[in-house]
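Asker: Have a look at this one.
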Amino acid sequence: MTTSSQLTSIRVAFIGGGNMASAILGGLVQQGLAASTICVVEPVQAVREQLVQQWGVHATVDAAEASTQLEKANLVVWAVKPQVFQEAAASVTPWVAQALHLSVAAGIPSASLAQWLHTPRVVRAMPNTPALIGQGMTGLFANPAVSPVDRQLAEQVMNSVGQTVWLQDEAHMDAVTALSGSGPAYVFYVLEAMIQAGTQMGLSPAQARQLAIQTFKGASALAEGSADAPELLRQRVTSKGGTTHAAISSLEADQVGALFVKALHAARDRGEEMGKEFGA
Ligand SMILES: NC(=O)c1ccc[n+]([C@@H]2O[C@H](COP(=O)([O-])OP(=O)(O)OC[C@H]3O[C@@H](n4cnc5c(N)ncnc54)[C@H](OP(=O)(O)O)[C@@H]3O)[C@@H](O)[C@H]2O)c1
């Protein structure tokens, strides 16, 4: 089985060097992977220069220029937009027959990845933006042809930028996208509303921001460390006739919880559509 020491000895190629690639690459380097063993194929010169300067990786403008590194790669991480994946795959496949492929591209089904990459050794990952600070949440899916060793490698790579959860059913990737993939935006949305309310009530924007953000952090930590369901934790701070009760009653009267659930279903449905749009 792959161990953490094997993670430090793999050779990785990134196709696309944008935000998500940079986060994962940074996580791997911080886990002890030598930057000199990492290559990035990235068409934008400024992005390449930033990666080379920050991490000391090898970066090339296209796959042909990276052919020697690609041929040695055990793992290829795909971090390009879904719209350009198929075209990028065509330019990379001549050199990567020996590699495991890990795709973070939203919505592209594993069958399409396997077809475009000419191998069933593909793992799909759906991370979120807190991966940029090592606090990501990633859903992983691999088809049955992917070996336990390959699964473990993919898991270790994504664990370098946060937590991971494996899915048995690929359709659940759209649920992960709706919940944790798009989830940071919902948190920011609620934060915006709390900060707006705080400033309306006379707090300074800085005070409202600190109060709102630390409340999110503290409540998340409380929920994570507790065996009780969020519903019970909420009921405990909601004494009848009190201030929290007034706020929750107002939210319930406007069916905010139900509307939130509806919003996540809309995100899941859009994910399904995108899978059909971008897939083979
Ligand atoms: N950011 C997130 O929170 C998040 C979460 C989950 C999944 N994802 C997925 O991660 C993938 C990357 O997202 P991102 O936010 O990192 O995007 P990004 O910052 O735009 O990075 C993608 C990079 O790939 C480059 N590229 C385009 N065509 C290429 C090619 N043929 N070969 C190599 N590189 C190429 C792009 O250059 P150009 O600008 O010239 O096109 C860009 O610099 C997407 O599929 C997205 O769905 C992102």
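Asker: Out of all the residues in region 100-113, which are within 22 Å of Leu153 (Cβ to Cβ), assigned to a loop (DSSP other than H, G, I, E, B) and near the ligand (Cβ under 10 Å from one of its atoms)?
Answerer: Scanning region 100-113 gives Val104, Ala105, Ala106, Ile108.
Asker: If you scan region 254-280, which residues turn out to be more than 30 Å from Ala88 (Cβ to Cβ) and either outside any helix (DSSP H, G or I) or open to solvent by less than 80 Å² (accessible area, probe 1.4 Å) (or both)?
Answerer: Asp254, Gln255, Val256, Gly257, Ala258, Ala263, Leu264
Asker: Can I ask one more? Which count do you get for residues in region 102-126 that are over 19 Å from Glu273 (Cα atoms) and under 16 Å from the mean Cα position of the chain (by Cα)?
Answerer: Adding up the residues that qualify gives 2.
Asker: Residues that are within 9 Å of the ligand (Cβ to nearest atom) and among the aromatic types (Phe, Trp, Tyr), at least 1 per element: which strands (runs of 3 or more DSSP E) completely within region 21-99 meet that?
Answerer: Numbers: elements: 38-41, 58-60, 75-78.
The strands (runs of 3 or more DSSP E) meeting that bar are 75-78.
Asker: So which residues in region 23-39 are in contact (Cβ under 8 Å) with a residue 40 or more places away in the chain and open to solvent by 20 Å² or more (accessible area, probe 1.4 Å)?
Answerer: Selection gives Gln30, Gln31.
Asker: A further question on this structure: How many of the residues making up region 94-106 are open to solvent by 10 Å² or more (accessible area, probe 1.4 Å) and of a type outside the set (Phe, Trp, Tyr)?
Answerer: Going through region 94-106 one residue at a time, the tally reaches 5.
Asker: If you don't mind, there's one more thing I want to ask. Determine whether Ser204 is in contact (Cβ under 8 Å) with a residue 12 or more places away in the chain and either away from the ligand (no atom under 15 Å from the Cβ) or of a type in the set (A, V, I, L, M) (or both).
Answerer: Criteria not met by Ser204.
Asker: Kindly evaluate Glu42 against the criterion of being over 23 Å from the mean Cα position of the chain (by Cα) and either open to solvent by 10 Å² or more (accessible area, probe 1.4 Å) or farther than 30 Å from Met274 by Cα (or both).
Answerer: Spelling it out, it is not the case that Glu42 is over 23 Å from the mean Cα position of the chain (by Cα) and either open to solvent by 10 Å² or more (accessible area, probe 1.4 Å) or farther than 30 Å from Met274 by Cα (or both).
Asker: Another one. Of all residues being open to solvent by 60 Å² or more (accessible area, probe 1.4 Å) and touching a strand residue (DSSP E or B) at 6+ places or on another chain (Cβ under 8 Å) in region 107-154, which is farthest from Ala97 (Cα to Cα)? Just the residue, please.
Answerer: Of everything passing the filter in region 107-154, Gln135 is farthest from Ala97 (Cα to Cα).
The values are calculated or read from the model by the stated rules, or taken from the named source; none is laboratory data. Since we're looking at a predicted model, the values are computed, not measured. Every residue, glycine among them, receives a Cβ derived from its backbone with ideal geometry; neighbour counts consider all protein chains shown. In case anyone asks, the SASA skips ligands and DNA or RNA and just uses the protein heavy atoms, side chains included. Shrake-Rupley method; radii C 1.70, N 1.55, O 1.52, S 1.80 Å.
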